[in-house]
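The block underneath contains the structure these notes are about, expressed in C-alpha cells.
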Amino acid sequence: MTQVTRRSLLRTLSAVPVAGVAGALPVMAQTAEFTLKYGNNLPVTHPLNIRAQEAMDRILKETKGRVDIKIFPNNQLGGDTDMLSQVRSGGIDFFTPSALVIATLVPVAAINAVGFAFSDYNQVWGAMDGGLGAHVRAAIAKMRLHTFEKMWDNGFRQTTSSKAPVSTAKDLDGLKIRVPVSPLSISMFKGLGAAPTSLQFSEVYSSLQTKIVDAQENPLPIIQVAKLYEVQKYCSLTNHIWDGYWFIANGRTWERLPADLKTIVSAAINDAGLAQREDIKKLNESVVGDLQAKGLSINRPTADSFRAKLREAGFYGEWKGRFGDEAWALLEKAVGKLA
C-alpha cells in the first residue's frame, strides 16, 4: 500500500473526533470479523501512534476487512496499570507497556534497564531482537500474553541538573536527583553515590523549580516537551538506561485468530515497530539541537567511570542475582562483561 506520511496522517487525525484514532478507518471496517482494541499512553502525534495507525490500516487492507484494530491513545482507556490489567483480562486486546511497566508483572522484563548496560543502539537491538528478547518474551508468555518479536523504542534516558554537568560518576556524589518509582533506578543511583528521590512525573517541574531536587533523568523528547530546560542548566547524555515498549496481545484473543490473519497482523506490527525505531532516532538527533538553542548546555560523558562505580558498589552482582544467571548471561553476550 502507499506509505502514509507523517504530515498527511496528522492532517487526517486532526479531523478525527476525540473518540479515538479508530474513527479514521474506512467504513468497511464496520463489518469486520474481528474488531479489536489497542490502548496506549501516548498522544496521537507520537511516532508510536503514527506508525501503529499505519500498521492497523495495513492489517485492515491485507485481511480484506476481516481484522479491524481500533487505537485508543493518550490513556483514553486508563493508566498503564489499568491497561496492563485490562489486556490480561481481555478488556482490551493489545497494549504497549514499557519494559519497566510490564516488569511489575514479569520482573525479568526490566533487564534492559540495567544501568549503563548498553553502549549504543546496535547493542540494544542485538539483545532485544536476539536471545535476551526471546527470553523475556517467553517469561511474558507464561502470563498468557502474546508478545510480538520487535520491541518499539522509548529511548535512552539522559541526566539534567541545575548545579553542574555530569561528566564522571564523581559528579553524582550527593546529587539530589528525581527518579521514577522503580527499584532498579533507585538502586542504580544509590550505587553511584547520588541521593535519589522517587516522585511522580507531574511533580518533577515544580520540584526542580523549588530545589527539592537539583537533577532528574528522562529521554530527551520528554525533557523537551515538559520544558525542563526552563529549570535546568545542564544536560548530560549519559545514556544510563534504555527502555522500550513491548507490543503485547491478550493470549485468548491471539489464539482465536486464524493462522493466516496472525501472519498478517504480526508482519504489520513488527514492520511498524522497525519504522518507529528510526523515527525515534531521528527525533533524538533533532531534540539535542533544540535543547541547546533553548539554553541547555550539552555534554557527552563516557560510561567507564559509572560502570566502575556500580561494580564497586555491588550493583551488577545484586541484579544478576535478581534476574537469574540465564538472563544475565544473555545480556552480557550482547554488551560484554558487567558483573
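Here are the numbers:
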quantity	calculated
Centre separation in Å (Cα based) which lies between region 292-339 and region 227-283	22 Å
Contour minus Cα-Cα distance for Asp290 and Lys64 (0.36 nm per residue)	77.0 nm
For region 275-339, convex hull volume per residue from C-alpha positions, Å³	137 Å³
Sulfur and carbon atoms: percent of accessible area, the chain [1.4 Å]	53 percent
Convex hull volume per residue in cubic angstrom - Cα atoms of region 142-294	124 Å³
Cross-link table Lys37/Lys227; Lys281/Lys337; Lys190/Lys211; Lys37/Lys150; Lys211/Lys294, entries beyond 24 Å C-alpha to C-alpha	Lys37/Lys227; Lys281/Lys337
For region 211-339, convex hull of alpha carbons as volume per residue, Å³	187 Å³
Surface accessible to a 1.4 Å probe, per residue, for the residues of the chain, Å²	43 Å²
Residue-by-residue Karplus 3J(HN,Hα) for region 101-106, coefficients 6.51, -1.76, 1.60, Hz, glycine and proline x	6, 5, 5, 5, 9, 10
Kirkwood Rh in Å, taken over region 138-187 so that all alpha-carbon pairs contribute	14.6 Å
Helical mean residue ellipticity (222 nm; -39500 (n - 2.57) per DSSP H run of 4+; nearest 500) of the chain	-13500 deg cm²/dmol
Summed side-chain charge close to Gly65 - residues other than Gly65 whose Cβ falls under 12 Å, Lys, Arg +1, Asp, Glu -1	-1
Separation of alpha-carbon centers, region 35-82 and region 85-130, rounded to whole Å	19 Å
Under-5 Å amide H pairs with Ile241, H placed in peptide plane, nonlocal only	Phe116, Arg157
Average projection area in nm² (convex hull over Cα atoms of region 111-226, one quarter of hull surface)	8.3 nm²
FRET efficiency for Glu318 and Glu33, using Cβ-Cβ distance with R0 set to 56 Å, rounded to 0.05	0.65
Backbone N within region 273-311 under 12 Å of label point (7 Å from Tyr121 Cα along the Cβ vector)	274-286
For the chain, radius of gyration divided by Kirkwood radius, i.e. Rg to Rh on alpha-carbons	0.98
Bridge type composition, the chain - antiparallel percent by DSSP, nearest 5	50 percent
Solvent accessible area, Å² - Thr210, 1.4 Å probe, full protein context	90 Å²
FRET efficiency, Ser167 to Ala134 (Cβ-Cβ, R0 41 Å, nearest 0.05)	0.65
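The values are calculated or read from the model by the stated rules, or taken from the named source; none is laboratory data. Just so it is clear, the structure is predicted and the values come from calculations on it, not from any experiment. Glycine gets a Cβ as well: all are built from the backbone with ideal geometry, and neighbour counts include every protein chain shown. With ligands, DNA and RNA removed, areas are computed over all heavy atoms of the protein, side chains included. Shrake-Rupley method; radii C 1.70, N 1.55, O 1.52, S 1.80 Å.
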